[in-house]
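Let me begin by presenting the structure, written as structure tokens, before commenting on it.
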Amino acid sequence: MKRFAAIILTVVLAETALADPALIIKQRAKDTANQNNAQQGQPPQYPGAASPGSPAPAPVPLTPEQKAFLTVANDLAVPKAEDAKKLATDLMAIGFAASKSTATIQKLAKDLIAALEGKSATPEARSRIVQGIRTVMNGGAQPAAKIDPYIADVSAILKIAGANATAVATVNADLKTLRTETLPAPVESPIK
């Protein structure tokens, strides 16, 4: 038994003595850097540790576009039929396309609320819905092949959230109408 204990003790001591050289080198480099910083009057650098007494960094203010995006996402959290006008106004704020039809945006808002009313979409799902709508509204001269995947994504998210197939198809049609309305008018060539 003494022999077995001696073997175990030898193995443990050997492992300690043969520690990973990369860890030792890394720790020595950190110590050297901290000593150099101390000589220059700088505090030591420890990842993730805030220096005591220093205030937390101030949050970065949101841009108007980011505020509008979050407002629409929050509008979709617990949508009610009476909020359709507010949602339409907020949707107008996320679009930059010059030729948006207010009637189409209002119809989209009403249909979105109808599709999501009583349903629970996650914050991530709501953000993806808003991102898809914003992309459609701001698609401008993008070909339909680049915009249609966003429309399909919105439809898929609505299905996952529990919207019925008719409501999903209605929102899908609204987005396709919006896509065609935001396309710039074709320019006639001066050469005939």
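The values are calculated or read from the model by the stated rules, or taken from the named source; none is laboratory data. Owing to the predicted nature of the structure, the values given are computational and were not obtained by experimental measurement. We place every Cβ from the backbone using ideal geometry, glycine too, and count neighbours over all the protein chains shown.
Before moving on, here are some points about what is shown:
- The set of residues in the stretch 171-182 being surrounded by 20 or more Cβ atoms within 10 Å (Cβ to Cβ) and modelled with pLDDT of 90 or more consists of V171, D174, L175.
- Filter pass, Q106 being of a type in the set (S, T, N, Q), at pLDDT 70 or above and under 22 Å from R134 (Cβ atoms): yes
This table checks each residue for (1) modelled with pLDDT of 85 or more; (2) closer than 19 Å to A165 by Cα; (3) surrounded by fewer than 18 Cβ atoms within 10 Å (Cβ to Cβ); (4) acidic (D, E).
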position: S99; (1), (2), (3), (4): no, no, yes, no
position: G118; (1), (2), (3), (4): yes, yes, yes, no
position: P123; (1), (2), (3), (4): yes, no, yes, no
position: I129; (1), (2), (3), (4): yes, yes, no, no
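- Among residues of the stretch 140-151, those that are buried (at least 21 other Cβ atoms within 10 Å of the Cβ) and either modelled with pLDDT under 90 or not in a helix (DSSP H, G or I) (or both), counted: 1
- Residue check for A88: loosely packed, with under 12 Cβ neighbours inside 10 Å and either hydrophobic (A, V, I, L, M, F, W, C) or modelled with pLDDT under 75 (or both): no
- Restricting the first member to the stretch 18-40 and to residues that are modelled with pLDDT under 70, and the second to residues that are not in a helix (DSSP H, G or I), the beta-carbon pairs closer than 8 Å and six or more apart or on different chains are N37/P43; N37/P44; N37/Q45; A38/P44.
- Among the conditions (1) free of Cβ contacts under 8 Å to residues at least 60 places away in the same chain; (2) in contact with a helix residue (DSSP H, G or I) (Cβ under 7 Å, 6 or more places away or on another chain); (3) not in a loop (DSSP other than H, G, I, E, B), K85 misses just one, which is (2).
- Test: residue in the stretch 58-68 that is surrounded by fewer than 11 Cβ atoms within 10 Å (Cβ to Cβ), more than 25 Å from the chain's Cα centre (by Cα) and either under 30 Å from E124 (Cα atoms) or at pLDDT below 70 (or both): no
- Long-range neighbours under 6 Å by Cβ, at least six apart or interchain, first residue farther than 16 Å from A161 by Cβ within the stretch 65-77, second surrounded by 14 or more Cβ atoms within 10 Å (Cβ to Cβ) and among the aliphatic types (A, V, I, L, M): A68/A93; A68/I94; F69/I94; F69/V130
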